[in-house]
Amino acid sequence: MEILSPKTLFVGHCSVFFEQIDSTNTYLKNRIASENIPNGMLVYSNFQTNGRGQNNNIWSSQEGKNALFSLFLNFSFLPTEHMAIVSQFVAVAVCHALNQFLPEQTIKIKWPNDLFVNDKKIAGILIENIIGNTNKCVIGVGINVNQIDFQTLNTTSIRIEKNELTDRKKIIEACCEYIEKYYRLLQQTNGSKLINELFVKHLYKFNEKIILEHTSWTVLGVDLDGRLILENEKMEKRKLIHNERKIQWN
């Protein structure tokens, strides 16, 4: 893959590329543990042998087909108790970046931070706090770009949706640009509230029914703490922490 040149002030300016690596997230965490690295440092790869998703799930990707990268970001401006907004800001940024390549499609954020097109997963995000400093994060992103064969039926890619090849370098650059844009928004007064509103605007199944514990609930939104807000037919509300309960989305 060619050298990246995102139109940013700092995100992605310092970058490292690997043809193959176990995990870009793991590499960055190891670097952070041994040295001071610049805010916005990026690691990207053609292939990960041990890519990970949420809850230690395996992120499976064909070599040279997809956009696989990790970023280091410092959130020292955020109170520790407000760090849940980081997941929302990254999901919004990647969603808007993908919109540049799929303008005719509606991209949705499936709580907490998977991206869906036509009820199929097109990207995933894994955010890991640095041990000993909860305001520093490694943000891993995997986007299905040119892969067309998947092991699961509810998975898609830009290639499948557009029926043409897309430059993975441009995808990563766009993600860097939107991540920086919303990172800067997050630093502003009421930034967290604005990010949350954008997240809910793109929320998968917003104002629609899902099934939880054999009961129908309507998705009302997500709060600033990252909890999914639901309401049942009796107008009773509840808030879910990620993986607290198994949701049947469809």
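Among the listed pairs Lys201/Lys239; Lys7/Lys110; Lys29/Lys181, those with a Cα-Cα distance over 22 Å are Lys7/Lys110; Lys29/Lys181. Expressed to the nearest 5 percent, the antiparallel share of DSSP beta bridges inside the chain is 85 percent. For Ser5, what accessible area in Å² do you get when you roll a 1.4 Å probe over the heavy atoms of the protein chains, rounding to the nearest 10? The value for Ser5 is about 80 Å².
When restricted to Cα atoms, the range 1-126 yields an Rg and a Dmax of 15.0, 45 Å, respectively. Computed on the Cα trace of the range 144-250, the radius of gyration divided by the Kirkwood hydrodynamic radius gives Rg/Rh = 1.06. No solvent, one uniform scatterer per C-alpha: report log10 I(q)/I(0) for the range 195-250 via the Debye equation at q = 0.13, 0.15, 0.19, 0.27 1/Å, two decimals. After summing over all Cα pairs, the log10 values are -0.28, -0.38, -0.62, -1.21. Per residue, the accessible area of the range 1-160 comes to 44 Å², computed with a 1.4 Å probe over protein heavy atoms only. Taking only the alpha carbons of the range 98-164, we obtain Rg and Dmax values of 14.0, 45 Å in that order. Overall, the range 91-166 carries a charge dipole of about 140 debye about its Cα centre when +1 sits on the Cβ of Lys and Arg and -1 on the Cβ of Asp and Glu, all other atoms neutral.
Computed 3J(HN,Hα) for the range 114-127, one whole-Hz value per residue from the Karplus formula 6.51 cos²θ - 1.76 cosθ + 1.60 where θ = phi - 60°, is 9, 10, 10, 10, 6, 6, 10, 6, 10, 7, x, 10, 10, 10, glycine and proline marked x. Rounded to the nearest Hz, the phi-derived 3J(HN,Hα) couplings of the range 203-215 under the Karplus curve 6.51 cos²θ - 1.76 cosθ + 1.60 (θ = phi - 60°) are 5, 5, 6, 4, 6, 10, 8, 10, 10, 9, 6, 6, 10, where x marks glycine and proline. Amide H to amide H, with H built 1.01 Å from N, Thr155 comes under 5 Å of Lys121, counting only residues 5 or more places away or on other chains. Residues whose amide H comes within less than 5 Å of that of Ile127, counting only those at least five positions distant or on another chain, are Gly140 (H built at 1.01 Å from N in the peptide plane). Under 19 Å of direct C-alpha separation, and excluding same-chain neighbours fewer than eight residues apart, Lys170 reaches these aspartates and glutamates: Glu2, Glu19, Glu63, Glu104, Glu161, Glu180.
Which log10 I(q)/I(0) values, to two decimals, does the range 61-150 give at q = 0.11 Å⁻¹ under the Debye formula with one point per Cα? Listed by q, the Debye log ratios stand at -0.34.
Using a 10 angstrom cutoff on alpha carbons, build the Gaussian network for the chain and name the most mobile of Ile122, Ile130, Ile109. Per the Cα network of the chain with a 10 Å cutoff, Ile130 tops the list. Loop sites here are GluC sites (Glu not before Pro) outside DSSP states H, G, I, E and B with no more than 14 other Cβ atoms within 10 Å. The longest part of the chain free of them is 105-163. Along the axis of the charge dipole computed for the chain (Cβ charges of +1 for Lys and Arg, -1 for Asp and Glu, origin at the Cα centre), the listed residues Val145, Gln48, Ile195 are led at the positive end by Ile195. Using a probe radius of 1.4 angstrom, the carbon and sulfur fraction of the accessible surface of the chain is 47%.
If Rh is defined by the Kirkwood formula over all Cα pairs and Rg also comes from Cα, what ratio Rg/Rh do you get for the chain? Using only Cα positions, Rg/Rh for the chain is 0.95. D by Stokes-Einstein for the range 12-51, Kirkwood Rh over Cα pairs, 10 °C, 1.306 mPa s: 153 µm²/s.
The values are calculated or read from the model by the stated rules, or taken from the named source; none is laboratory data. Note that the structure is predicted; figures quoted are calculated from it, not measured. All Cβ positions, glycine included, derive from the backbone under ideal geometry; neighbour counts span all protein chains shown. Please note that ligands, DNA and RNA were not included when accessible areas were found on the heavy atoms of the full protein model with its side chains. Shrake-Rupley method; radii C 1.70, N 1.55, O 1.52, S 1.80 Å.
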